[in-house]
Amino acid sequence: MNLLECTSKEQISWQWDYTNRCSTHHGSQTVTFSYGDDNGVFVYAPKPAVLNEDFLMICETTKDINGIRWRQNGQNIAFLYTDTCFVADDSKNYSYSCKEGQFNLTIPKSQLTDELHGSLWTCVNPYGGISNELNLYVNNGPEGVRHSLQSSNLIIPEYESSKAVTCSSDCNPACNFTWWHRGIRVIDGSTLILTNVSKDQTGTYVCNASNVIGNPPKITELKAKTNPVMENDSLDLLCKADSFPTSNVSWIQGNTTLSYAAMADYHYIKQAKCWDTDTYTCKASNGHGEPVSKAIDIFANLDWIIE
């Protein structure tokens, strides 16, 4: 496919040739995009708005203009000049940046709140031409996961059924729920009911809430199988992170990243030596929120032999 013409943001045309063993086929296609009312300004956001994350909006221009004015719900909030990116009449203390044909507005995560949900954003050129409207939809990852029981313990006579236990969370978009028992998925859905209960169903049941936004990682466990460890014995470290999507876990010994252990929730040394005594840090990240880390001090003792 060969791009023939791209005259503006409003129209793109191309032609194509397709050849097989028998014949050659030709074709052409024109697609028209309507960006505002052909006023030379267009607003979009590269990524969705998520609570506790910075949010970027971009106003692009297709005409030779010396600046744009940002508007929120029809009210002017700032004017940006093209040459120097000088910001005037800033009423919100947002962050701004510019490059040729592009004016960026960043709402810091400290100011991105539910109050902005549903707000309408436009940019205006100096001649009064108004862009399309961007509807700001503030997404919220799972927060405050909770169950419907009044206590954390539920006693069920053997061979009988439990009452319904419902899991809920604050999510936007709505969350999907999954119940787990001893690392095994029990049921997909917010409601858990156990029937014909047997003793092997005793234990802790965990409700996981997730949506398309996800939630930042939280390190729930960091431990060593043995600490201190004797020289030439194996050293086993385990790090567990609760997050959605699943976090990448990496290990740092002192100030050195252990690249061979990247993306693994465990770290293993077959035969520990005295120089393995150090601080080991587990770091987890999944692209939501800031990476988190937790450290543990490991001591490898010499195995003294007295003759």
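With the checklist (1) in a loop (DSSP other than H, G, I, E, B); (2) modelled with pLDDT under 85 in hand, flag the one item Pro142 doesn't pass. Looking at each condition in turn, Pro142 falls short on (1). When Asn132 is tested against (1) within 22 Å of Lys47 (Cβ to Cβ); (2) of a type outside the set (D, E, K, R); (3) assigned to a loop (DSSP other than H, G, I, E, B); (4) free of Cβ contacts under 8 Å to residues at least 60 places away in the same chain, just one condition goes unmet, and that condition is (4).
Residues considered: Tyr127, Tyr159. Of these, the only one that is in the same structural domain as Lys199 (by TED's automatic domain parsing), touching a residue at least 24 places away in the same chain (Cβ under 8 Å) and outside any strand (DSSP E or B) is Tyr159. Against the conditions (1) in contact with a Phe, Trp or Tyr (Cβ under 6 Å, 6 or more places away or on another chain); (2) more than 17 Å from Asn132 (Cβ to Cβ); (3) of a type in the set (D, E, K, R), Arg69 satisfies every one except (2). Whether a residue is at pLDDT 80 or above, in the same structural domain as Met230 (by TED's automatic domain parsing) and farther than 22 Å from Pro216 by Cα was assessed, and Thr281 does not pass this test.
Limited to the stretch 198-210, what total is found for residues that are at pLDDT below 90 and among the hydrophobic types (A, V, I, L, M, F, W, C)? Within the stretch 198-210, residues that are at pLDDT below 90 and among the hydrophobic types (A, V, I, L, M, F, W, C) number 2. Applying the set (1) loosely packed, with under 14 Cβ neighbours inside 10 Å; (2) in the same structural domain as His267 (by TED's automatic domain parsing); (3) among the charged types (D, E, K, R) to Asp233 leaves exactly one unmet item: (1).
Please tell me if Ala241 is in a strand (DSSP E or B), outside the structural domain of Thr178 (by TED's automatic domain parsing), small (Gly, Ala, Ser) and at pLDDT 85 or above. When the stated conditions are applied, Ala241 does not pass them.
Please go through the stretch 62-106 and give me each residue that is over 27 Å from the mean Cα position of the chain (by Cα), surrounded by 12 or more Cβ atoms within 10 Å (Cβ to Cβ) and hydroxyl-bearing (Ser, Thr, Tyr), ordered by number. Thr62, Tyr81, Thr82, listed by residue number.
The values are calculated or read from the model by the stated rules, or taken from the named source; none is laboratory data. Here the structure is a predicted model, which means the values were calculated and not measured. Methodologically, a virtual Cβ is constructed for each residue, glycine included, from the backbone with ideal geometry; neighbour enumeration extends over all protein chains shown.
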